[in-house]
Amino acid sequence: MTYEDRMHQKLTKAFAPEHLEIIDESEAHRGHGGYKEGGETHFKIILKATAFNGMSRVAQQRAVMAAVKAELNERVHALALEVSGT
């Protein structure tokens with residue numbers, strides 16, 4: 001299972017999103033810090049879920065980071081986040 005698949009499963013389970021996109025942007029970072037051959041090091045996550053209603057932007061981002069902590073510890077070097085409530 002890819003890191004993208006793992007994050008998709010975890011984010012879906014944690015937040016039941018109305019919208020979820022996970023985009024592997026690793027190739028745009030080739031030669032930069034954290035890049036590894038084969039990609040799956042730099043991602044952009046676009047996530048919209050009612051679970052975020054009433055939460056500050058920082059709290060939303062912390063919740064996403066906590067949900068994918070294992071992937072960040074293993075291979076994922078960077079996440080760009082666009083997170084919002086509904």
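Scanning the range 51-66 for residues that are over 14 Å from H8 (Cα atoms), surrounded by 15 or more Cβ atoms within 10 Å (Cβ to Cβ), of a type outside the set (G, A, S) and under 13 Å from the mean Cα position of the chain (by Cα) turns up at least one hit. In a residue-by-residue description of the range 5-12, the property of being at pLDDT 95 or above, among the acidic types (D, E), surrounded by 13 or more Cβ atoms within 10 Å (Cβ to Cβ) and on the phi < 0 side of the Ramachandran plot applies to no position.
Restricting the range 23-34 to residues that are surrounded by 12 or more Cβ atoms within 10 Å (Cβ to Cβ) and assigned to a helix (DSSP H, G or I) leaves a set whose member that is modelled with the highest pLDDT is S26. For first residues located in the range 1-14 and in contact (Cβ under 8 Å) with a residue 40 or more places away in the chain, partners that are hydroxyl-bearing (S, T, Y) and not in a helix (DSSP H, G or I) and lie 6+ apart or on another chain with Cβ distances below 9 Å form the pairs Y3/T41.
Among residues that are surrounded by fewer than 16 Cβ atoms within 10 Å (Cβ to Cβ) and of a type outside the set (V, I, T), E40 is not included. Collect the residues in the range 40-81 that are basic (K, R) and either closer than 16 Å to R6 by Cβ or assigned to a strand (DSSP E or B) (or both), keeping them in residue-number order. Of everything in the range 40-81, those that are basic (K, R) and either closer than 16 Å to R6 by Cβ or assigned to a strand (DSSP E or B) (or both) turn out to be K44, K48, K69, R75. Every condition in (1) touching a Leu at 6+ places or on another chain (Cβ under 8 Å); (2) assigned to a helix (DSSP H, G or I); (3) among the basic types (K, R) is met by K13 except one, and the failing one is (1). Going by the structure shown, is L20 surrounded by 12 or more Cβ atoms within 10 Å (Cβ to Cβ) and either in a helix (DSSP H, G or I) or within 9 Å of the chain's Cα centre (by Cα) (or both)? No, not satisfied.
Here is a yes/no grid of residues against (1) at pLDDT below 95; (2) touching a strand residue (DSSP E or B) at 6+ places or on another chain (Cβ under 9 Å):
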| residue | (1), (2) |
| --- | --- |
| P17 | no, yes |
| K36 | yes, no |
| I46 | no, yes |
| A59 | no, no |
| V76 | yes, yes |
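Inside the range 71-86, can you point out the residues that are more than 11 Å from the chain's Cα centre (by Cα), surrounded by 12 or more Cβ atoms within 10 Å (Cβ to Cβ) and either free of Cβ contacts under 8 Å to residues at least 40 places away in the same chain or on the phi > 0 side of the Ramachandran plot (or both)? Matches in the range 71-86: S84, G85.
The values are calculated or read from the model by the stated rules, or taken from the named source; none is laboratory data. All values derive from a computational prediction rather than experimental measurement. No Cβ is skipped: glycine too gets one built from the backbone with ideal geometry, and neighbour counts run over all protein chains shown.
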